[in-house]
1. Give the stretch 45-62 a look and list any residue that's under 12 Å from residue 108 (Cβ atoms) and not in a loop (DSSP other than H, G, I, E, B), or say none.
2. Taking only the stretch 126-154 into account, find how many residues are surrounded by 15 or more Cβ atoms within 10 Å (Cβ to Cβ) and under 17 Å from residue 194 (Cβ atoms).
3. Tell me, which residue of the stretch 154-164 that is part of a helix (DSSP H, G or I) and touching a helix residue (DSSP H, G or I) at 6+ places or on another chain (Cβ under 8 Å) is modelled with the lowest pLDDT?
4. Just checking, which of 176, 184, 118, 123 is in contact with a strand residue (DSSP E or B) (Cβ under 9 Å, 6 or more places away or on another chain), at pLDDT 95 or above and crowded, with 20+ Cβ neighbours inside 10 Å?
5. With the requirement that a residue be touching a helix residue (DSSP H, G or I) at 6+ places or on another chain (Cβ under 7 Å), assigned to a loop (DSSP other than H, G, I, E, B) and buried (at least 16 other Cβ atoms within 10 Å of the Cβ), what does the stretch 63-85 give you?
6. Among the residues of the stretch 110-134, how many are farther than 19 Å from residue 41 by Cβ and assigned to a helix (DSSP H, G or I)?
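The values are calculated or read from the model by the stated rules, or taken from the named source; none is laboratory data. All figures in this text were calculated on a predicted structure; none of them were measured in a lab. With ideal geometry, Cβ positions are generated from the backbone for all residues, glycine too; neighbour counts draw on all protein chains shown.
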C-alpha cells in the first residue's frame, strides 16, 4: 500500500487533528485565565455534591499552575502525535470523554481525601493505553511491552514508600497517583471494547 502524502493525511484526519488541537488550546486558555476558570471547572467536591456535575469532566482541563499545565500539555501532544493521530474522529472524541469522565468519577467516589482535583495526567494514561492497543505501526509484542511498562509505573506509584519528589516540587498539592490508575483502566476498557466490537462484526 502506498503511504499517504502529508496533504492526504491532513484531509483524512482533519477532524481528529482539530480535536487534539482543541484540547491543547483549552489547556493553554484555561491556564492563562486560571483565576477565572479554575474555580468553576476544577473538581471541587463540595460543589459537585451541590449538583455541579460538569466538574467531573472539566477538571481534566484545568491545572495547578503553569508547570502542571506545561507538563500535561507536552505529554498530551506527544501522545497525540505518536498514538492518537490514526483514531477516527468519533473514536477519538469518545476516548477523550470516556477517560476524562472515568478519572473524574473515580476521584470523586474513591478519593474523598481530595477536596480539589485538576489535571489531565490521569486521562493521558488512558490515552496511552488505548493508543497502544490500537497501534498497528509496531509489532503487537512491542505494544504489549509498553503497556506493561505503564502498568508497572502505576503499581510502583501505589507503593506506600513512593514519593515523586521531582514532581512534587513543581505542584502546590500532592500528586494524585490514583487518577493515573483510573485513567489507565479506562483506556484499557476502551481498547477492549473496540476489540470486542471488531470481533462481533467479524462473526458470521
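1. Residues of the stretch 45-62 that are under 12 Å from residue 108 (Cβ atoms), as a first pass: 45-49, 52-53, 55-57, 59.
Selection gives 45, 46, 47, 48, 49, 55, 56, 57, 59.
2. Narrowing the stretch 126-154 to residues surrounded by 15 or more Cβ atoms within 10 Å (Cβ to Cβ): 126-135, 143, 146-147, 150-151, 154.
Filter once more, keeping what is under 17 Å from residue 194 (Cβ atoms): 126-135, 143, 147.
Residues in the stretch 126-154 being surrounded by 15 or more Cβ atoms within 10 Å (Cβ to Cβ) and under 17 Å from residue 194 (Cβ atoms): 12 in total.
3. Step one: list which residues in the stretch 154-164 are part of a helix (DSSP H, G or I), which gives 154-157.
Subsequent filtering for residues that are touching a helix residue (DSSP H, G or I) at 6+ places or on another chain (Cβ under 8 Å) retains 154, 157.
Numbers: 154: 95, 157: 88.
Here the answer is 157.
4. Working: 176 fails: at pLDDT 95 or above; 184 fails: in contact with a strand residue (DSSP E or B) (Cβ under 9 Å, 6 or more places away or on another chain); 123 fails: in contact with a strand residue (DSSP E or B) (Cβ under 9 Å, 6 or more places away or on another chain).
The match here is 118.
5. From the stretch 63-85, those touching a helix residue (DSSP H, G or I) at 6+ places or on another chain (Cβ under 7 Å) are 63, 66, 69, 72-73, 75-77, 79-80, 83-85; that's our starting set.
Retained after the next criterion (residues that are assigned to a loop (DSSP other than H, G, I, E, B)): 63, 85.
Once the filter is applied, which keeps residues that are touching a helix residue (DSSP H, G or I) at 6+ places or on another chain (Cβ under 7 Å), assigned to a loop (DSSP other than H, G, I, E, B) and buried (at least 16 other Cβ atoms within 10 Å of the Cβ), the stretch 63-85 yields only 63.
6. Of all residues in the stretch 110-134, those farther than 19 Å from residue 41 by Cβ come to 110, 112-113, 125-134.
Checking the rest, the ones that are also assigned to a helix (DSSP H, G or I) come to 110, 125-134.
Summing the residues that are farther than 19 Å from residue 41 by Cβ and assigned to a helix (DSSP H, G or I) in the stretch 110-134 gives 11.
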